[in-house]
Structure formats: structure tokens, C-alpha cells
Amino acid sequence: MAEITSLQNAIRAHVHDGDTVAMEGFTHLIPFAAGHEVIRQRRKDLTLIRMTPDVIYDQLIGAGCAKKLIFSWGGNPGVGSLHRLRDAVERDWP
């Protein structure tokens, strides 16, 4: 049965360190609130999956939440390349 809960409780219950997570949505449906809640809860070592990672995934990388990123194309047509993704690749972190 479906349960209605807060985003904070949903992330706490269902996203754990080391999990594989896919947060999808495009334009106005990009899940910024969910990504920011993952950052607030300091989740670590996540494998992030997204068709086209954008700014929210760049923020997750910069916040140290990501261990691995699986994607089809890295960038955002509106804002360009993902700076934390580029830093991570060039500097071999995390």
C-alpha cells in the first residue's frame, strides 16, 4: 500500500550510503529537492544513474555524495558542462 511521507523521511528510509540511485526528470521536473535532501543527509558512496546528468548531479558530486556516475551524456544544454564532474575526472576524486 502506498504511503504518504515527507521527502526528508523518504530519503532517510530509502537512500543509504553505497546505494545505487536514479533521480530522473527533465526541465521543470528535475528532482532538485530530492537531490538537496540527499546532500543535507550527507549520503556517501552513491552510484548515481541519470540519462543526462545536470546541475543537481553536479552538486551531488561536489558535496561528496557520489562514488560513481552512470550516464549517457554529461552536460546541460542550458548551462554547459558539469564543473564538479570535470574536476572529479581531471583530479581523480572521489
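Brief remarks on what is shown
- Checking [x] 43, 27, 20; [y] 37, 22, 19; [z] 49, 34, 24 against Cα extents along the principal axes in Å calculated from these atoms, the matching label is [x].
- Mean residue ellipticity at 222 nm, helices only, the chain: -10000 deg cm²/dmol; runs of at least 4 DSSP H residues each add -39,500 (n - 2.57), and the sum is divided by the number of residues.
- Exposed chymotrypsin sites (Phe, Trp or Tyr not before Pro) absent: longest stretch of the chain, with sites in DSSP loops and at most 12 other Cβ within 10 Å deemed exposed: 27-72
- A simple spin-label model places pseudo-atoms 7 Å from Cα toward Cβ; at residue 93 and residue 70 they are separated by 2.6 nm.
- For the chain, with +1 on Lys and Arg beta carbons and -1 on Asp and Glu, the positive-most of 35, 5, 65 along the dipole: 65
- The value of relative contact order for the chain, using C-alpha pairs under 8 Å at least six residues apart, is 23 percent.
- In nm, spacing of pseudo-spin labels at residue 24 and residue 36 (7 Å Cα→C-beta vector): 2.4
- Taken along the Cα-to-beta-carbon direction at a fixed 7 Å, the label points for residue 1 and residue 55 span 4.0 nm.
- Considering only the chain, percent of DSSP beta bridges that pair antiparallel, nearest 5: 10
Only the coordinates and a few stated rules stand behind these numbers; no lab work does. Note that the structure is predicted; figures quoted are calculated from it, not measured. Cβ sites come from the backbone with ideal geometry, for glycine too, and all protein chains shown count toward neighbours.
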